[in-house]
There are 2 protein chains.
Amino acid sequence: MHPSLTEFITTTRASNPLFNGDLYAMVSEIMEDISRRGDAALRHYSKIFDGFDGSFAIDVSTLDVSFLGVTASLVDAILKAKENIEKFHREQLPAGFSIETQSGVLCVERFTPIERVGIYVPGGTAPLISTVLMLAIPAKIAGCKEIVMVTPPSKQNQINPAVLYAAVLCGVTEIYCLGGVQAIGALSLGTESIRKVDKIFGPGNAYVTMAKQWASARGIAIDLPAGPSEVAIIADNTACPEFLAADLLSQAEHSVDAQTLLLTTDEALIEKVRNALYQFMQTLKRRQIIQKALSNMTFVVLDSLEDCITYVNYYAPEHLIINCRNVWDYADKVVNAGSIFIGEFTPESVGDYASGTNHTLPTSGMARTYGALGVTDFMKRVQIQSLSYTGLLNIAETVSCLAEAEGLDAHKLAVEVRLSKPQNNS
Amino acid sequence: MHPSLTEFITTTRASNPLFNGDLYAMVSEIMEDISRRGDAALRHYSKIFDGFDGSFAIDVSTLDVSFLGVTASLVDAILKAKENIEKFHREQLPAGFSIETQSGVLCVERFTPIERVGIYVPGGTAPLISTVLMLAIPAKIAGCKEIVMVTPPSKQNQINPAVLYAAVLCGVTEIYCLGGVQAIGALSLGTESIRKVDKIFGPGNAYVTMAKQWASARGIAIDLPAGPSEVAIIADNTACPEFLAADLLSQAEHSVDAQTLLLTTDEALIEKVRNALYQFMQTLKRRQIIQKALSNMTFVVLDSLEDCITYVNYYAPEHLIINCRNVWDYADKVVNAGSIFIGEFTPESVGDYASGTNHTLPTSGMARTYGALGVTDFMKRVQIQSLSYTGLLNIAETVSCLAEAEGLDAHKLAVEVRLSKPQNNS
């Protein structure tokens, strides 16, 4: 393997990327306090961490979105994004099926929604409207009855109006102005004023992620562990350096620990991308974050596009942009990636907001095992079987023989007692 | 709510059913030792816990199943069960889809197999042939390239021949004679002789479950946390008491902590079931286990079958048997249950072995959020999007407006730089 690539992968794919013992201990302490003191603990930590002393609950039923002051152009953008995201996610709704596996043995699969789900929308420097869309829309399509949103207060001690607007539009049923570990504590443990949920979704900082892991170890379902965001780009000499530079920058502006990797077969491309990158950077608002994220930017030249694909499948990036000739030939060989962006006119930002796909994706190499969030993550598979007398007669020997081999003779009895009765026994 | 039912649910659905701090500390110590010392630690714990000092690896390529001495009738039963399980699970293979969410914006979903999976097959009093079938068959259908089975040595210091036979038949590619925490350690951390896997599946005792939770908190994917097995039965006065007694006994013989609940609208039924139960019990091999499990057996009389369904949805049982008139009317109202058995001729044992459905199911109330194991649990969703120049033009304003609202101007730049170039820029 290419030496700098080996180093890159070894560094970014350390075995326990998301686990931090000290953080875990700190989070445990807060979670246990919430479990003991409920709302009092929530108020305590909200005051300490967010300087917030107000009421958590927003009354969704009396909220009039027309008074939120969201601009018409932003409303249009939210509505259009929602439309595309709905179109894509509706296709994910599982149809279920029935099959007679052998004569008289009917087996059915159907999916039912998870009743009460919690979605965490991070605060921070900007309102994450898109996070609301990407979590609440699939929850609604799945049929979840109760969709609970928690999000920390902004500096103005409130929830951003556009975030509120998106939440109401997408069918969120409860909203709490609550963030950090304390929000995950409320969702996973429940308090006097916030009922616990069945599953917790959404991104967050290291504290929030560790709190979700804590909850997960205690049997509360979570979506997937989230680490720093990443993009890998595969490009050949047909790619436009300015496009690549803009893609690298859109990843880098997310956070100082954002990971960016460019794999190319064209050594000359790298210098051109670097030049474009530094030029663009000067014009960007978040250049200080980008400046720091540059230390996580890696450029590697490989012999062939096939090699690029091999390494990408090993690295398993959250986002993958493929910008080369015969692009679909290579795209079809990718098995480990969260979301793939094909061709020169498909920047990652379209998937982040509005193409229709979900932007909640596996990071830190987890694309080897986890996929993008989808409607079925808000549902669960229920199996049904129904046998006729003849069906039971047909399968009896198989079941009895296996039950006997496993030493479970009541299992055998449950079959035999039914067959020993006359067929019209009721 | 009915008082004894309230007590039953409160007791069996305590908030942290699967978490035990002392056990966690003990498991952590072993896992950390395996992480440091690799194979030497595996040998150490295998000797202590299983009295096993042999070689872990079984060479699958040279294993001749015809010499294993599995009886012809057991081979037939395994083959028939495999056929039904394959038929049901093949229906779960996701087809994927493509959709143009708006003109020029193509979005694709496809599922790819997880490359290397580990399956844990418990040892104990009997060979769990069915566990091999229920884990390896969906893995194979999903297309997993490497299927690694670990299972503890029997008292004869080897793997049971029928378990080996089923493993080879179902396409397991690596087999290790290794159990308990040390087996989960090998699969999740990797050692000199056993490479780590991408995801760990399979049931086990409290130690194995806690080791899986430990791995899960560190970002290694697991199937679902498993607690003691459970059945809930709904019956009216049309149900045959002997059938119900046999069903309760087949659950009770699993383990001393197995949970059994009978909900009925017919008070007279309970005495009849009890009588049948004590009569049958005398004839069963595992009556000592059953005797102890009887303390977890609860009978409740409710006013209506609708009430039974309400409580079942709250309790969320692993297995649910519905044995009453108009049975499908009630079955359709169940939303929280792992596997449902409909009508008088459908004992749970058919699903445990051979109807075709999976017997790996959520326990401890997790059927509220988790479903039965299926083929998609051995795969992950990959999203693809590809935009034409026109597609990008059509979506540009939506993306730019949302990126601006979120303060991410490089995201906007990535769209604009592409549109600012003449269309045939390459």
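The values are calculated or read from the model by the stated rules, or taken from the named source; none is laboratory data. Computed from a predicted model, the values in this text were never measured in an experiment. Cβ coordinates were reconstructed from backbone atoms using ideal geometry, including for glycine residues, and neighbour counts include every protein chain displayed. Heavy atoms of the whole protein, side chains included, go into the accessibility calculation; ligands, DNA and RNA do not. Shrake-Rupley method; radii C 1.70, N 1.55, O 1.52, S 1.80 Å.
Here is how the numbers come out for the structure above:
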read-out	value
Nearest-first distances (nm) between copies at B:GLN158, label 7 Å from Cα via Cβ	7.6
Share of carbon and sulfur in the accessible heavy-atom surface of the protein assembly as shown [1.4 Å probe, %]	49
Residues whose placed amide H lies under 5 Å from that of B:PHE111, excluding near-sequence neighbours	B:VAL382
Peptide A:169-179 - average C-beta neighbours from other chains (10 Å radius)	0
Derived scalar couplings ³J(HN,Hα) [segment B:181-190; Karplus, 6.51 cos²θ - 1.76 cosθ + 1.60; whole Hz; x for Gly, Pro]	4, 5, 5, 5, x, 4, 5, 8, 9, x
Neighbourhood net charge (15 Å Cβ-Cβ; Lys/Arg +1, Asp/Glu -1) for A:GLU192	+2
Per-residue average of Cβ from other chains inside 10 Å of B:195-201	2
Alpha-carbon centroids, segment A:348-414 and segment B:286-313: separation in whole Å	25
Relative contact order (%) - criterion: Cα under 8 Å, at least six apart; region: segment A:127-283	15
Rounded to 5, the percent of DSSP beta bridges in chain A classed as antiparallel	30
Which of A:ARG286, A:ARG195 is most accessible, then next, and so on - probe 1.4 Å	A:ARG195, A:ARG286
Accessible area, probe 1.4 Å, largest first, for residues B:LYS421, B:LYS47	B:LYS47, B:LYS421
Solvent accessible area, Å² - A:THR264, 1.4 Å probe, full protein context	0
Solvent-accessible area buried by B and A, counting both chains, probe 1.4 angstrom, square angstrom	11500
Residue pairs, from the table A:LYS380/B:LYS82; B:LYS272/B:LYS333; A:LYS333/B:LYS333, whose Cα atoms sit over 32 Å apart	A:LYS333/B:LYS333
Sites matching trypsin sites (Lys or Arg not before Pro) across segment B:353-395 that sit in DSSP coil, with at most 13 neighbouring C-beta atoms within 10 Å	none
Enclosed volume per residue, in Å³, of the convex hull spanned by Cα atoms of segment B:134-265	159
Whole-Hz couplings from phi, Karplus 6.51/-1.76/1.60, listed for segment B:379-392; x for Gly and Pro	9, 8, 6, 10, 9, 9, 9, 9, 10, 7, 4, 5, x, 5
Cβ-based net charge around B:ARG110, under 13 Å, with every Lys or Arg adding one and every Asp or Glu removing one	0
B:SER229 long-range amide H proximity, modeled H, under 5 Å	B:GLN259
Karplus 3J(HN,Hα) series, Hz, for segment B:54-66 with 6.51 cos²θ - 1.76 cosθ + 1.60 (x for Gly, Pro)	x, 8, 6, 7, 9, 7, 5, 5, 9, 6, 9, 5, 5
Solvent accessible area, Å² - A:SER420, 1.4 Å probe, full protein context	90
Pairs of Cα atoms farther than 27 Å apart, segment B:17-224, %	35
Rounded, prolate or oblate (a/c below 1.5 giving rounded, otherwise prolate when a/b exceeds b/c) for chain A by Cα gyration tensor	oblate
Distances in nm from B:GLY54 to the matching label points in the other copies, shortest first (labels 7 Å along Cα to Cβ)	6.9
Cα gyration tensor shape of segment A:222-317, rounded if a/c is under 1.5, else prolate or oblate by comparing a/b with b/c	oblate
Heavy-atom accessible area per residue - segment A:228-370, 1.4 Å, Å²	32
Shape call, segment B:314-387: gyration tensor on alpha carbons, a/c limit 1.5	prolate
Positions from segment A:254-296 whose accessible area shrinks by 20 Å² or more when the full protein complex is built, not the chain alone, probe 1.4 Å	A:HIS254, A:PHE280, A:LEU284, A:LYS285, A:ARG286
Debye-sum result for segment B:106-185 in log10 I(q)/I(0), which assumes one identical scatterer on each alpha carbon, at q = 0.12, 0.20, 0.21, 0.23 Å⁻¹	-0.35, -0.82, -0.89, -1.03
Average accessible surface area per residue within segment B:17-224, 1.4 Å rolling probe, Å²	38
Fraction of antiparallel bridges per DSSP, the protein assembly as shown only, in percent to nearest 5	30
Förster-model FRET efficiency, 60 Å R0, A:ASP329 and A:LYS292, C-beta, rounded to 0.05	0.95
Surface accessible to a 1.4 Å probe, B:LEU393 within the full protein complex, Å²	90
The protein assembly as shown: Cα Rg divided by the 2.2 N^0.38 Å rule of thumb	0.97
Cα→Cβ-extended label distance, 7 Å offset, between A:SER66 and A:LYS87, nm	2.9
